[in-house]
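Novice: Let me begin by handing over the structure; questions about it come next.
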Amino acid sequence: MDPSDYAGPLAVTLAYIGLYYAFVIWVGVVKARRAKAWRERGEKFDRYYSEDREMLAADRLQLNTLEQMPPFLVLLWLEAVFGSTTLATIAGSVYVAARALYPVVMGSRMGRGVKASILASTVPGYLVIFFFLGHLAWLVIS
């Protein structure tokens, strides 16, 4: 197995992991900023029970990315190894780009409902997942 044969999927994997850790860092920045704002008002900040809408948005960003990581990475690599590294790279790049759009379309504060604009990030991601599933299933049955 020559690693250069998998340069595209490797790059996609590293980009996704890098994006995830950028989101982790963002959660820390938001947490520190919100805790300071609450302290300045003389209130105790409780990240999990305060219903601070900015903290909720940051947590959702990071946790949604984390919960989608296993199926995405497993299917990316199954496609790369058993299907096509080119298709894995292209579809995986679309997925990472869509995931990177998530904070932009979600906004910095969670409201009572979910914005319809979030579909601009989630729909392409799910389409990539279902593409991988369909292509891999096709490879198995053909």
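Novice: Using only the heavy atoms of the protein chains and a 1.4 Å probe, how would TYR49, TYR6, TYR21 rank by accessible area, largest first?
Specialist: Values: TYR49 180, TYR6 40, TYR21 125 Å².
Output order, biggest surface exposure first: TYR49, TYR21, TYR6.
Novice: Also, I was wondering about something else. Using 1/(1 + (r/R0)^6) with R0 = 35 angstrom and r between the beta carbons of VAL94 and ILE141, what's the FRET efficiency to the nearest 0.05?
Specialist: Step by step, r from the Cβ atoms, then E = 0.90.
Novice: Over the chain, with the other protein chains present, what is the accessible area per residue in square angstrom, probe 1.4 angstrom?
Specialist: Per residue, the chain has an accessible area of 58 Å².
Novice: Summarise the accessible area of the range 1-115 (1.4 Å probe, protein heavy atoms) by the percent that is carbon and sulfur.
Specialist: 64 percent
Novice: Report which label in (1) 1.09; (2) 0.98; (3) 0.95 holds the value of Rg/Rh (Cα atoms, Kirkwood Rh) derived from the coordinates of this structure.
Specialist: Computed from these coordinates, Rg/Rh (Cα atoms, Kirkwood Rh) corresponds to label (1).
Novice: Then there is this: To the nearest 500 deg cm²/dmol, what mean residue ellipticity at 222 nm is calculated for the chain from DSSP H runs of n ≥ 4 alone, each contributing -39,500 (n - 2.57), summed and divided by the residues?
Specialist: My calculation for the chain gives -27500 deg cm²/dmol from helical runs alone.
Novice: Here is a further query. If I stretch the segment between ILE25 and GLU51 completely, what's the gain in nm (0.36 nm per residue apart, minus their alpha carbon distance), one decimal?
Specialist: Numbers: separation 26, 0.36 × 26 = 9.36 nm, distance 2.02 nm.
Taking 0.36 nm per residue and subtracting the Cα distance, the gain is 7.3 nm.
Novice: Given a 10 angstrom Cα cut-off, can you work out which residue in GLY92, GLY83, GLY125 is the most mobile in a GNM of the chain?
Specialist: GLY83
Novice: Along Cα→Cβ, 7 Å out, is where each label goes; now give me the distance between the ones at ASP5 and ILE17 in nm to one decimal.
Specialist: It is 2.1 nm.
The values are calculated or read from the model by the stated rules, or taken from the named source; none is laboratory data. Just so you know, these numbers come straight off a predicted model, no measurement behind them. Cβ sites come from the backbone with ideal geometry, for glycine too, and all protein chains shown count toward neighbours. These area figures cover heavy atoms from the full protein model, side chains too; ligands, DNA and RNA do not enter into them. Shrake-Rupley method; radii C 1.70, N 1.55, O 1.52, S 1.80 Å.
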